[in-house]
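Below is one structure, written out as structure tokens; comments come after it.
Read-outs throughout are calculated quantities, based only on the coordinates presented, and are distinct from any laboratory measurement. This is a predicted model, so every value here is computed, not measured. Reconstructed Cβ throughout: ideal geometry from the backbone, glycine too, with neighbour counts over all protein chains shown.
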Amino acid sequence: MPAFNITVNGKAHTVHADSDTPLLWVLRDELQLVGTKFGCGIGQCGACTVHVDGEATRSCLLTIGQAGERKITTIEGLSEDNSHPVQQAWKEIDVPQCGYCQAGQIMTASAFLHSNPNPTSEDIRGAMQGNICRCATYTRIEKAVSLAAE
Ligand code: FES
């Protein structure tokens, strides 16, 4: 099986996998970074969102062969001690219900705020609309993203 050198959360790893293995499974099964969740596997739900060179990216769609030398960040590497402003806002607003989708939500929100630090409500809804929450915590998600932007 081929070997791939990837950098995840600032650490270099060599993983052995078929080149078409989704990054999601490398993160979860090889690196035990299980904060990134499997929801649909077809790019429709956002549960698997990570940052690739700072961009919110669906790790179920990106293969290990495509990941190359790009810098990957998962929810585990977003901050020390959950101190990222988005994570702080998530706690303050008490966003999660079941929690399953929340890592993906936070990774999408943090990449979005990096590119748009002063968003309107419409901007926030537009940026977050691809991340599905079966508990429908959308109002709290919007509030938390707005709070994180302050
Ligand atoms: Fe990747 Fe749903 S698991 S978008």
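For this structure, a couple of remarks:
- Projected-area average for the chain over all orientations - Cα convex hull basis, square nanometres: 8.2
- Net charge over other residues, Cβ less than 13 angstrom from the Cβ of E76 (K, R count +1; D, E count -1): +1
- Percentage relative contact order, the chain, counting C-alpha pairs under 8 Å, at least six apart: 24
- Lysines with Cα under 18 Å of K91, excluding same-chain neighbours fewer than 8 positions away: K143
- Nearest-ten-degree value, helix 102-115 long axis tilted from longest Cα axis of the chain: 80
- Taking 24 Å as the straight-line reach from the Cα of K71, the lysines in range (excluding those fewer than 8 positions away in the same chain) are K11, K37.
- Loop-resident trypsin sites (Lys or Arg not before Pro) (DSSP state other than H, G, I, E or B) in the range 79-150 with no more than 13 further Cβ atoms inside 10 Å of their Cβ: R134.
- For the chain, built as a Gaussian network whose Cα springs stay under 10 Å, the top-fluctuating residue of G35, G43, G68: G68
- Selection from G10, M128, T139, by position along the positive dipole direction of the chain (Cβ): T139
- Residues D29, D53 arranged by fewest to most Cβ contacts within 10 Å: D53, D29
- With the charge dipole of the range 80-149 set up from +1 on Lys and Arg Cβ and -1 on Asp and Glu Cβ about the Cα centre, the Cα lying farthest toward the positive end among the listed residues M107, Q97, P117 is that of Q97.
- Think of each Lys and Arg Cβ as +1 and each Asp and Glu Cβ as -1; about the Cα centre, that makes the dipole of the range 3-77 roughly 180 debye.
- Structure remark: mean-square fluctuation, Gaussian network model of the chain, C-alpha springs under 10 Å; the largest value among E122, E30, E76 belongs to E122.
- Helix 138-149 and the longest principal axis of the C-alpha atoms of the chain enclose an angle of approximately 90°.
- Here the chain is treated with +1 on each Lys and Arg Cβ and -1 on each Asp and Glu Cβ, and its dipole about the Cα centre works out to around 260 debye.
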